[in-house]
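The values are calculated or read from the model by the stated rules, or taken from the named source; none is laboratory data. The structure presented is a predicted model; accordingly, all values stated were derived computationally and were not measured. Don't worry about glycine lacking a Cβ; one is built from the backbone with ideal geometry, like all the others, and counts go over all protein chains shown. The protein model used for the area step is the full one, side chains on, heavy atoms only, and it has no ligands, DNA or RNA in it. Shrake-Rupley method; radii C 1.70, N 1.55, O 1.52, S 1.80 Å.
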Amino acid sequence: MKIKKIIIINGLSLLLIISFIFGFLLNENSAGGGEGDFGHILNNYQLIYGNSFTDIDWSKYRDSRFPLDYFIFKLYLPNNVDFWIYNIFLISFITPAILYLTLKKKLLLTTYETLKNEYLILIALLFLFLSPYFRTSAFWMLRENMGYFFWIISIFFLFKLKSEFNYKINLICCVLFSYLAFYSSQNLFIIALTNFFLLFDFKDIFKKKNYYLILINILFFSPIIIFFDFFNNAIQYIEIEEINRITFSFYKVVDLYGIILIYIFPILFIYFQKNELINLLKKNILFIFIILICFCIFFWNYPNNDPLSGGAVRKLLNIFISNEILFKIIYLPVCGFSAIISFYLAYKKEKVLLFLLLPYTFFYMFINYVFQEYLDPVFILFLMLYSKNFIFLVADKIYYVFLYFLLFYMSSFTYYIF
């Protein structure tokens, strides 16, 4: 690698680290929910730290996530708000380092390609430190980043399974951390699910390792029974009228793919050359048109009266378009096209992506609000950790990717200021 490129890559990495520190010092809120959600999280810390386990009044618990991480923090943190704030920031700050080590471990399993450390460091920093949602969670003591932290560690042990001895110990650690990710953020259920299917030997289903894998998963899933027993009041919190997080609506599929468009659009240009995409559109224009028409007809009654759900694309369109018919004529085909290219990418290039697309398409029909933060940085992290080629393709177009996600971050930052 040329000296000039090394300087630029290292410079970008340094800028990301500095911006992350300054964002924390300046109480940056680039995702919108930081300051408002801080009060709920602070209430939970005070509730759990101020009472013994048996004395906690769970009707006062204000969160839709299981409270496992609060009890983990209680083991080593004093009853002090500043310690709680710095704890989440420091865990978030070192998460790219854990991601770098995990990707490094992944590269050891790849014999036909290598990647310079400078690129790997920048990639590990880029998708986390330019995520407005990861940043806001880190700065405002929110809980999402704990799920990513545990997720990345679980994948580290997944790669150790394939390259080292102590199979049982590495398997236990892999499954344990995948469930810690789930208990930290329930939308990360796909991690335990994906890890299970990647480790299960379908060629020999009666293999001893399969039984061991099933047993370990049952073991770490079983605490959910305890959670539902002890925290019944806490779970009911998400069903009260002003929160109302649980409801069925297949129209949420529209919002889901509207959000995914933000991430699938640059990825499409990473995996395909411009000429490939042009030829693909020419050959399949009629098929795409028919699918989009069917998508629009099926979802035509999509309600646009919810100001929260839907993410950046929907918010942007609602700023400039007040006419409901015109909004649907634009928004529905955009979301339909996002769904088409997402599944096409999964079918042609990254079949592992189906482990995210299929469960989420079903799961989010039961969630009243589909927020951008549910997919950011989940979508990109999923590809980074499970895809064979994604990090190499990103490295080839690192400047383009950096500028794209910098623009997205700056747009979100500006939106929530003005």
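Here are the numbers:
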quantity: Residue ID - surrounded by the fewest Cβ atoms within 10 Å (Cβ to Cβ), chosen from residues in region 74-83 that are free of Cβ contacts under 8 Å to residues at least 24 places away in the same chain and of a type outside the set (Asp, Glu); calculated: Leu75
quantity: Which numbered condition Thr102 fails, given (1) β-branched (Val, Ile, Thr); (2) open to solvent by less than 10 Å² (accessible area, probe 1.4 Å); (3) under 23 Å from Phe22 (Cα atoms); calculated: (3)
quantity: Lone qualifier among Ser322, Ser411 - being open to solvent by 30 Å² or more (accessible area, probe 1.4 Å) and not in a helix (DSSP H, G or I); calculated: Ser322
quantity: Given (1) modelled with pLDDT under 60; (2) farther than 29 Å from Phe71 by Cα; (3) among the polar types (S, T, N, Q), number of the condition Thr247 does not satisfy; calculated: (1)
quantity: Members of region 30-63 that are small (Gly, Ala, Ser) and buried (at least 17 other Cβ atoms within 10 Å of the Cβ); calculated: Ser30, Ala31, Gly32, Gly33, Gly34
quantity: Given (1) without any contact (Cβ under 8 Å) to a residue 60 or more places away in the chain; (2) open to solvent by less than 30 Å² (accessible area, probe 1.4 Å), index of the condition Ile329 fails; calculated: (2)
quantity: Subset of region 176-219 [outside any helix (DSSP H, G or I) and without any contact (Cβ under 8 Å) to a residue 40 or more places away in the chain]; calculated: Phe200, Asp201, Phe202, Lys203, Asp204, Ile205, Phe206, Lys207
quantity: Tabulated pairs, region 287-315, first without any contact (Cβ under 8 Å) to a residue 24 or more places away in the chain and exposed (fewer than 11 other Cβ atoms within 10 Å of the Cβ), second assigned to a helix (DSSP H, G or I) and not aliphatic (A, V, I, L, M), C-beta under 9 angstrom, 6+ apart or interchain; calculated: Pro307/Lys315; Pro307/Asn318
quantity: Count of region 144-158 residues which are within 27 Å of Ser411 (Cβ to Cβ) and open to solvent by less than 30 Å² (accessible area, probe 1.4 Å); calculated: 7
quantity: Residues of region 112-143 that turn out to be part of a helix (DSSP H, G or I), open to solvent by 20 Å² or more (accessible area, probe 1.4 Å) and in contact (Cβ under 8 Å) with a residue 24 or more places away in the chain, as a count; calculated: 4
quantity: Filter result for the condition that a residue is at pLDDT below 95 and closer than 18 Å to Tyr133 by Cα, over Glu373, Glu350; calculated: Glu373
quantity: Residue pairs meeting the criteria (Cβ under 6 Å; at least 6 apart or on separate chains; first under 16 Å from Tyr364 (Cβ atoms), in region 253-267; second of a type in the set (Phe, Trp, Tyr) and outside any helix (DSSP H, G or I)); calculated: Val254/Phe299; Val254/Tyr302
quantity: Some residue of region 159-171 being crowded, with 24+ Cβ neighbours inside 10 Å, in contact (Cβ under 8 Å) with a residue 12 or more places away in the chain and either within 21 Å of the chain's Cα centre (by Cα) or closer than 15 Å to Asn217 by Cα (or both); calculated: no
quantity: Condition check for Leu316: more than 20 Å from Ala181 (Cβ to Cβ) and at pLDDT 90 or above; calculated: no
quantity: Region 183-197: number of residues that are more than 11 Å from Asn217 (Cβ to Cβ) and open to solvent by less than 30 Å² (accessible area, probe 1.4 Å); calculated: 8
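Residue by residue, here is whether (1) more than 30 Å from Leu403 (Cβ to Cβ); (2) free of Cβ contacts under 8 Å to residues at least 24 places away in the same chain holds:
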site	(1), (2)
Leu14	no, yes
Leu26	no, yes
Asn29	no, no
Gly33	no, no
Gly36	yes, yes
Asn43	yes, yes
Tyr49	yes, no
Phe66	yes, no
Ile98	no, no
